[in-house]
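Since the structure comes first, as structure tokens, the remarks are kept for the end.
The values are calculated or read from the model by the stated rules, or taken from the named source; none is laboratory data. Values in this document were obtained by computation on a predicted structure and should not be read as measured data. Using ideal geometry, Cβ is built from the backbone for each residue, glycine included, and neighbour counts are taken over all protein chains shown. With ligands, DNA and RNA removed, areas are computed over all heavy atoms of the protein, side chains included. Shrake-Rupley method; radii C 1.70, N 1.55, O 1.52, S 1.80 Å.
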Amino acid sequence: MSAAEPLVSVAGLSRVFDVSPPLVTRLLHRSPRRLLRAVDGVDFTIAPERTLGLVGESGCGKSTLARCVAGLMAPSAGEMRFQGKPMDLARRPDRAIRRSIQMVFQDPYASLNPRWRVETSVGDPLLAFGIARTRAQMREQVAALLTDVGLAPDDAAKYPHEFSGGQRQRIAIARALASRPAFLICDEPTSALGVSVQAALLNLMRRLQGEYGLTYLFISHNLAVVDHMADDVGVMYLGRIVEKQPKRHLFDAPRHPYTKLLVQTVPSLETLGRASAPLAGEVPSPVNPPPGCAFHPRCPHADARCRAERPAPVPLPGGGSVACHAVAEGRI
Amino acid sequence: MTALLDIRALRVELPGSPPLAVLDDVTLSVNPGEILGVVGESGAGKSVTGAAVLGLLTSPLRQVAGEIRFDGTRIDILPEARMRRLRGSEIAMVFQDPLTALNPVFTVGQQLIQTIREHSPMGRTAAHARAVALLREVGISDPEARLDAYPHEFSGGMRQRVVIALALAGEPRLIIADEPTTALDVSIQAQIIALLVGLARSRGVGVLLITHDMGVIAEAADRVAVLYAGRVAEIGPVAEVLLHPRHPYTRGLVGAIPRIGAGLEVLPQIPGAMPRLDALPEGCAFNPRCPLADARCRAERPVPRLLGAVQVACFHAEARQTDAAQIERPDA
Ligand SMILES: Nc1ncnc2c1ncn2[C@@H]1O[C@H](COP(=O)(O)OP(=O)(O)OP(=O)(O)O)[C@@H](O)[C@H]1O
Ligand SMILES: Nc1ncnc2c1ncn2[C@@H]1O[C@H](COP(=O)(O)OP(=O)(O)OP(=O)(O)O)[C@@H](O)[C@H]1O
Ligand code: SF4
Ligand SMILES: [Mg+2]
Ligand SMILES: [Mg+2]
């Protein structure tokens with residue numbers, strides 16, 4: 001979507017979980033092995049200092065994708081290049097890459113050790129990666145990081161439970177920034193917070209992106225938040241990216257029927273008092289995904305081909321791509 | 001009309017020396033067939049309000065003052081055995097995470113049928129028919145077949161609907177829904193909202209809808225209560241409160257909502273953060289963050305006043321919107 005050499009590029013990334021019942025149950029009931037395709041052949045690239053936003057409902061595989069890209073989980077298949085170099089996704093990434101790719105989670109408790117003082121949480125990567133050589137240097141840098149994320153240097157002596165959710169998220173960001181990463185993966189960093197705390201954090205993250213020259217993969221199920229943060233937006237449905245476009249195109253002229261549905265039903269103050277007409281239908285299970293296009297059971301444009309053949313992404317004129325037979329055939 | 005739920009001057013404390021007020025003088029009511037939204041940032045006391053109504057305050061929290069009436073009868077002083085009978089029959093609850101409300105080892109049908117028979121003695125066949133009817137009512141297609149499925153075979157939105165079906169099994173007149181759509185994608189969220197609105201309209205069920213999503217409030221609620229630091233800042237008809245917010249905190253909240261296509265560099269944010277329970281300021285709890293605060297705000301606690309149809313706890317609620325515009329200046 002952008003001419004610049006991408007900082008991150010991912011191709012054919014998949015992650016399968018074995019969710020079979022215990023062996024005894026399987027033998028007794030003759031039930032087959034059950035595989036869950038959490039992420040199913042995802043491709044994307046992100047140019048340096050840009051933000052790719054990723055939206056999709058609960059369970060569509062956003063966090064699994066994030067973990068694979070962050071090197072916290074081995075994918076079942078796929079390739080990734082970082083700063084032009086191929087990464088071996090089957091192995092734990094080397095130090096230089098671990099240092100350059102960091103992640104911020106939805107629940108800051110997941111990334112902050114409750115028994116560590118803030119100084120230890122934020123200072124640990126500084127010492128581990130040899131960025132600070134002495135404890136005095138470490139303290140100084142922790143104080144600077146805390147100031148950068150809008151906390152006070154004195155907060156270094158406190159424990160996570162002494163902070164509110166929004167402040168804990170700031171600490172998690174300071175820790176992620178400590179190793180001077182190039183790429184930050186943010187998995188629903190504000191979803192657990194109210195709008196006012198969210199606004200402050202989003203402003204902070206945009207400011208830091210400029211100051212630190214960061215590239216973001218920004219995950220959220222809130223479309224307005226993604227619109228505020230991202231340059232390009234990918235829409236995920238049942239483990240696949242069904243549409244990916246520069247954000248203005250995506251929000252003004254969504255192409256995939258699922259994206260259209262999302263953009264139409266987003267609740268807002270403008271819809272005051274009239275609940276948007278919900279589209280019937282269920283999100284199918286990733287254990288037994290529908291054949292063909294995974295969206296076909298809910299799609300008003302589905303035909304026989306949609307029920308049988310999986311649509312491949314086709315490029316769109318304004319940049320980006322969409323995986324939909326109806327769009328490819330010019331039916332919609 | 002007697003209110004279905006009537007909370008008067010409720011005070012809930014965290015014991016200690018001194019005890020800390022988690023809810024302070026909370027007064028609100030829900031009429032039959034009405035959806036009252038409760039918003040506020042994390043820690044404002046939304047869930048504690050719901051828990052108090054259900055008689056489920058977790059230790060060490062205690063109600064120390066006020067009254068809670070259901071259909072005219074005090075329920076905050078009922079013995080636990082009677083309260084338990086009320087819960088799940090006349091008053092039902094729906095929480096954020098549907099998985100915790102469902103038992104993974106029983107099928108959806110087994111759980112529904114058991115709950116139905118707990119509430120009204122009937123034979124298996126009758127209970128089975130009722131279970132099918134309930135699943136159909138919450139919009140699950142092919143309910144006969146789905147009865148034999150286990151919760152993990154359902155998507156998040158379907159599970160939440162099963163939880164609502166379970167809640168409906170006792171024919172409740174009041175539903176306490178604590179963040180029922182937070183984990184769901186907007187398309188499924190719209191279905192759940194439509195379901196709750198339908199229950200209120202068609203069955204006259206009252207709903208206390210707790211959420212930090214203002215979009216959900218705008219679509220679903222008839223009235224809304226804005227909680228700040230355990231106190232009701234503003235309460236009134238949803239269109240009044242969201243389109244003409246009078247309390248400076250509500251004005252800040254509404255301004256901080258990200259909107260699709262707004263194209264802002266920086267989101268408006270309220271400076272500072274909600275004070276911790278042990279650091280509440282004198283006077284109005286919002287005064288340290290408020291652009292309109294004066295000496296009186298810092299000394300005296302504003303008593304809620306009726307302005308038109310809205311009750312506001314602020315000395316300067318009549319100030320013109322433009323005077324408060326400076327609230328929207330971010331402190332980045
Ligand atoms: N360790 C695991 N074992 C088995 N299944 C898993 C595991 N982790 C995730 N899954 C499944 O993979 C699918 C994708 O999960 P994931 O957490 O990536 O979704 P998500 O898009 O992040 O959802 P949410 O918005 O709820 O965070 C889900 O069906 C989930 O149940
Ligand atoms: N069992 C408990 N013991 C001590 N403090 C508690 C307990 N339960 C809640 N609190 C405190 O009471 C306050 C209100 O909590 P509550 O859970 O009602 O917030 P909330 O508005 O629901 O927030 P969120 O949006 O995060 O769910 C918080 O300061 C919380 O820390
Ligand atoms: S009472 Fe004063 S401090 Fe409180 S919100 Fe109103 S103007 Fe602000
Ligand atoms: Mg996730
Ligand atoms: Mg809560």
Inset, instruction - May I ask what percent, to the nearest 5, of DSSP beta bridges between residues of chain A are antiparallel? - result: 60
Legend entry - Separation in nanometres of the label points that stand 7 Å from Cα toward Cβ, at B:Ile77 and B:Thr107: 4.8
Legend entry - Shielding by partners - mean other protein chain Cβ count within 10 Å, residues of B:186-198: 6
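Return the equivalent ellipsoid semi-axes of segment B:98-171 as a descending list in whole Å, where each equals the square root of 5 times an eigenvalue of the C-alpha gyration tensor.
Working: eigenvalues 62, 31, 25 Å².
Result for segment B:98-171: semi-axes of 18, 12, 11 Å.
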Legend entry - DSSP H segments from chain B that extend 15 Å or more along their own axis, Cα-based, with Kyte-Doolittle mean of 1.0 or above: B:186-203
Legend entry - Rough spin-label spacing in nm, given labels placed 7 Å along Cα→Cβ, for A:Ala152 and A:Glu140: 2.3
Legend entry - Length-normalised contact order of segment B:98-171 in % [C-alpha pairs under 8 Å, at least 6 apart]: 47
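Taking R0 as 22 Å, what FRET efficiency do you get between A:Arg133 and A:Arg92 from their Cβ-Cβ distance, rounded to the nearest 0.05? Write down the numbers at each step before the final one.
On the way: r = 25 Å, r/R0 = 1.14.
E(calc), rounded to 0.05, equals 0.30.
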Legend entry - Per residue accessible area of segment B:98-171, 1.4 Å probe, in Å²: 46
Legend entry - Selection from A:Ala328, B:Ala293, A:Leu151, by position along the positive dipole direction of the protein assembly as shown (Cβ): A:Ala328
Legend entry - Long-range HN-HN contacts of A:Val39 with modeled amide H, under 5 Å: A:Arg15
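Roughly what % of DSSP beta bridges within chain B run antiparallel, to the nearest 5? Please list the in-between numbers first.
Numbers: 27 of 45 bridges.
Percent antiparallel among DSSP bridges in chain B is about 60.
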Inset, instruction - Please work out the average accessible area per residue across segment A:1-120, using the 1.4 Å probe convention, and give it in Å². - result: 54
Legend entry - Euclidean distance between Cα centres, segment B:244-284 to segment B:110-135, Å: 46
Inset, instruction - Only Cα pairs under 8 Å and at least 6 apart count here; give the relative contact order of chain B as a rounded whole percent. - result: 20
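Place a +1 charge on the Cβ of each Lys and Arg in the protein assembly as shown and a -1 charge on the Cβ of each Asp and Glu, then give the dipole magnitude about the Cα centre in debye, rounded to the nearest 20.
Working: 73 positive and 66 negative charges, 257 e Å.
Around 1240 debye, computed over the protein assembly as shown.
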Inset, instruction - Just grab the label-to-label distance for A:Val19 and A:Lys260, each label 7 Å out from Cα along the Cβ direction, in nm (one decimal). - result: 3.0
Legend entry - Karplus 3J(HN,Hα) series, Hz, for segment A:201-213 with 6.51 cos²θ - 1.76 cosθ + 1.60 (x for Gly, Pro): 5, 5, 4, 4, 5, 5, 5, 5, 4, x, 5, 9, x
Inset, instruction - First compute the accessible area of segment A:8-238 with a 1.4 Å probe, then give the percent of it belonging to carbon and sulfur atoms. - result: 49
Legend entry - Delta accessible area of at least 50 Å² on complex formation, residues of segment B:242-275, 1.4 Å probe, chain isolated as reference: B:Pro258, B:Arg259, B:Ile260, B:Leu267, B:Gln269
Inset, instruction - Provide, in order from the shortest bin, the percent of all Cα-Cα pairs of segment A:25-78 in each 5 Å bin, continuing until the bin that contains the maximum pair distance. - result: 4, 14, 21, 20, 14, 10, 8, 4, 2, 2, 1
Legend entry - Modelled FRET efficiency - R0 41 Å, A:Arg305 with A:Arg30, Cβ distances, 0.05 increments: 0.75
Inset, instruction - Towards the positive end of the charge dipole of chain B, with charges on Cβ (+1 Lys, Arg; -1 Asp, Glu), say which of B:Leu253, B:Ser155, B:Leu195 has the farthest Cα. - result: B:Leu195
Legend entry - Estimated FRET transfer efficiency when R0 is 51 angstrom, pair A:Asp107-B:Val303 (beta carbons, to 0.05): 0.85
Legend entry - Choice from A:Leu27, A:Leu217, A:Leu65 with maximal GNM fluctuation in chain A (Cα, 10 Å cutoff): A:Leu27
Inset, instruction - Have a look at A:Ala136, A:Ala70, A:Ala302 and tell me which one the Gaussian network model of chain A (Cα, springs below 10 Å) gives the largest fluctuation. - result: A:Ala136
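For a test of the definition: using alpha carbon positions, the gyration tensor, and the 1.5 limit on a/c, classify the protein assembly as shown as rounded, prolate or oblate.
Numbers: a/c = 1.58, a/b = 1.09, b/c = 1.45.
Taking the square roots of the gyration eigenvalues as a ≥ b ≥ c, the protein assembly as shown is oblate.
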Inset, instruction - Can you grab the distance from the C-alpha centre of segment A:1-51 to the C-alpha centre of segment A:129-163, Å, no decimals? - result: 36
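Antiparallel versus total DSSP beta bridges in the protein assembly as shown: what percent is that, nearest 5?
On the way: 54 of 89 bridges.
If we restrict to bridges inside the protein assembly as shown, about 60 percent are antiparallel.
Using a simple charge model, +1 on the beta-carbon of Lys and Arg, -1 on the beta-carbon of Asp and Glu, nothing else, what dipole does segment B:1-45 show about its Cα centre, in debye to the nearest 20?
Details: 2 positive and 6 negative charges, 17 e Å.
That gives segment B:1-45 a dipole magnitude of about 80 debye.
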Legend entry - Of A:Leu208, A:Val16, A:Leu238, farthest towards positive along the dipole that unit charges on Lys, Arg, Asp, Glu beta carbons give segment A:8-238: A:Val16
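Nearest 100 Å² is fine: what is the total accessible surface buried where chains B and A meet, probe 1.4 Å?
Working: alone 15350 and 16080 Å², together 27540 Å².
When B and A are taken together, about 3900 Å² of accessible area is lost.
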Legend entry - Three-way shape label, chain A, alpha-carbon gyration tensor, a/c 1.5: prolate
Legend entry - Relative contact order %, segment A:73-186, counting alpha carbon pairs below 8 Å whose residues are six or more apart: 36
Inset, instruction - Treat every Asp and Glu Cβ in segment A:8-238 as -1 and every Lys and Arg Cβ as +1, leave all other atoms uncharged, and give the resulting dipole magnitude about the Cα centre to the nearest 20 debye. - result: 860
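Going by a ≥ b ≥ c, the root eigenvalues of the Cα gyration tensor, does segment A:88-226 fall in the rounded group (a/c under 1.5), the prolate group (a/b larger than b/c) or the oblate group? Provide the component values of the computation, followed by the final result.
Details: a/c = 1.62, a/b = 1.14, b/c = 1.42.
The shape class here is oblate.
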